[in-house]
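The values are calculated or read from the model by the stated rules, or taken from the named source; none is laboratory data. Just so it is clear, the structure is predicted and the values come from calculations on it, not from any experiment. Every residue, glycine among them, receives a Cβ derived from its backbone with ideal geometry; neighbour counts consider all protein chains shown.
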Amino acid sequence: MTTLTADVDLNVFRRYAGLSLPRHVSYPMPTWWHNLDTDEALAMHRDSDEQNPGYDLSLYLHIPFCESLCKFCACNKVIQRKNSAGAAERTERYVKALQHEVRRLAGTVNTDRPMRQIHYGGGSPTYLSIDQLQRLHGTVVDAFNLTPDAEVAMEVDPRTVSDEKLACLRELGFTRLSMGVQDFHEEVQTHVRRVQPLDMVEHVVTTCRELGFESLNFDLIYGMPYQTADTMRDTLEQVIALAPDRIAYYHYAQIPEKIATQRGMDYTKLPSSEAKLDMFLVGLEMFEQAGYDFVGLDHFAKPAESLAQSAEDGTLQRNFQGMTTGGGLRLLGAGVSSITHLLDVGFLQNIKDTNEYIAAMERDDSVIERGKRFTFDDRVRQMVINQLYCTAKIIPAFVEAQFDICFTEFFARELDIMKTLEDDGLVTADEDGTVSVTRPVGRVLVRNVAAVFDGYLDPEAYRKGEQAYFSVNA
Ligand SMILES: C[S@@+](CC[C@H](N)C(=O)[O-])C[C@H]1O[C@@H](n2cnc3c(N)ncnc32)[C@H](O)[C@@H]1O
Ligand code: SF4
């Protein structure tokens, strides 16, 4: 156990931890979205234009393909060995479908508006060949008004990216890369089928630095089989020595009832919730000692990094990419399962099946499957939940400035529940409705605090396991 664990009342922690509460990468959660037709989707775009004519843009592109399966993976991916029958043809059709969708999306917005952020996620976008990456990104650049200082990012699998591909990304103007590192411990890597030795990651990091990428992110996961606080400490020492600019320190999301491949995990080797708390606190201690700022639920960033800056200036936003600096941007999603976030209006999501997506694009049909138009209540709660995750605070004046409500009246029931959470040490709550999440315990259990403000959950969900749920898309 760490010295930090000694600061946490384990009885309180046990009562709250372990519930499958949403992580709120979106609010309302996808569970509450519904089927939408094209007319409704277009109407939402138009409403967004009217309500927010001065919008700036961001774009997310999803590439689902991966060479091999990592057992823990909860992402929307398609495992496709490069030399398997039909793989090359399907990949090429997918790239063309995506190019078509990018052009079509450009038709739904004013393309004179500045495009400030582009993120390619997956799956593994680096699965694509250099030629495919060049063509796809060329289409994006032609379709939108990319600003000279735009953040252009890609998720990179260090096992399959070559030096040539990294150089190609740099030439295309990519500024940020995010790497799946997960864990350096050999036993863990073998068990989860994600074997990538330290020197492999070190080589990619060195190459990225030589090529001049502005920022590197590492994804790590704690809470998987065979991980302990000691193995994590070793991994984190190696991570810190490589000095990434950002770190996503994810809690392992285990949903075998929805992700069949997770059923192959050895559940007898899963750490207990106290051991996971210990792992999180080891991370918090080591990252902060190494000079990283703790930004929200599971992200750390060097103080000069835009994520840390964004936490300071209040533009940090929680969304499907984790924490992003893109608060206030209209997010367009392209590709299978991608999500469009029309500010103040709602979410739209594409179909999740890759073959169906390709076929629909080839027919020039709609690929939007579902979405959610925000109610007034959704927007108020969205702002509060975002504040909790991104700043560990609710400041009623900010909410009242945006919406014509009296905060303490609107949230009378929730603020009453805050008194219980205050007694248990998760928050401090003032008479005017200001709520501050404590650290470390409140920060670790911030999902329990946010659950109280989620209008779709029983307000008691923060402590009732049977009321809680988890969505794969969380
Ligand atoms: C799309 S993947 C990253 C890009 C690339 N495919 C790779 O693996 O290097 C995004 C990240 O989600 C995280 N992730 C995937 N499944 C997870 C799970 N079940 N629980 C927590 N994090 C998970 C991993 O850290 C992974 O790096
Ligand atoms: S973690 Fe990355 S490489 Fe592994 S299966 Fe998931 S998306 Fe693919």
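A few remarks follow.
- Among all residues of the stretch 6-23, there is none that is in a helix (DSSP H, G or I) and not assigned by TED's automatic domain parsing to the domain that holds Val380.
- For the stretch 151-190, residues that are within 16 Å of His203 (Cα to Cα) and within 13 Å of ligand 1 (Cβ to nearest atom) total 11.
- Selection status of Arg170, farther than 20 Å from Leu98 by Cβ and out of contact with any helix residue (DSSP H, G or I) (no Cβ under 6 Å at 6 or more places or on another chain): no
- Residue check, Lys165 within 16 Å of ligand 2 (Cβ to nearest atom), surrounded by fewer than 21 Cβ atoms within 10 Å (Cβ to Cβ) and assigned to a helix (DSSP H, G or I): yes
- Qualifying residues in the stretch 202-228 (those that are part of a helix (DSSP H, G or I) and crowded, with 22+ Cβ neighbours inside 10 Å) - the one nearest to ligand 1 (Cβ to nearest atom): Val204
- Candidate set: the stretch 191-201, residues that are in a loop (DSSP other than H, G, I, E, B) and either hydrophobic (A, V, I, L, M, F, W, C) or touching a Ser or Thr at 6+ places or on another chain (Cβ under 6 Å) (or both); chosen: the one farthest from ligand 1 (Cβ to nearest atom): Val195
- Qualifying residue in the stretch 257-269 (condition: in contact (Cβ under 8 Å) with a residue 60 or more places away in the chain and touching an Asp or Glu at 6+ places or on another chain (Cβ under 7 Å)): no
- For the stretch 50-68, taking the residues that are within 10 Å of ligand 2 (Cβ to nearest atom) and surrounded by 15 or more Cβ atoms within 10 Å (Cβ to Cβ), the one that is farthest from Ala97 (Cα to Cα) is identified as Glu67.
- Residues that are small (Gly, Ala, Ser), at negative phi, surrounded by fewer than 22 Cβ atoms within 10 Å (Cβ to Cβ) and at pLDDT 90 or above within the stretch 258-317 comprise Ala275, Ala290, listed in sequence order.
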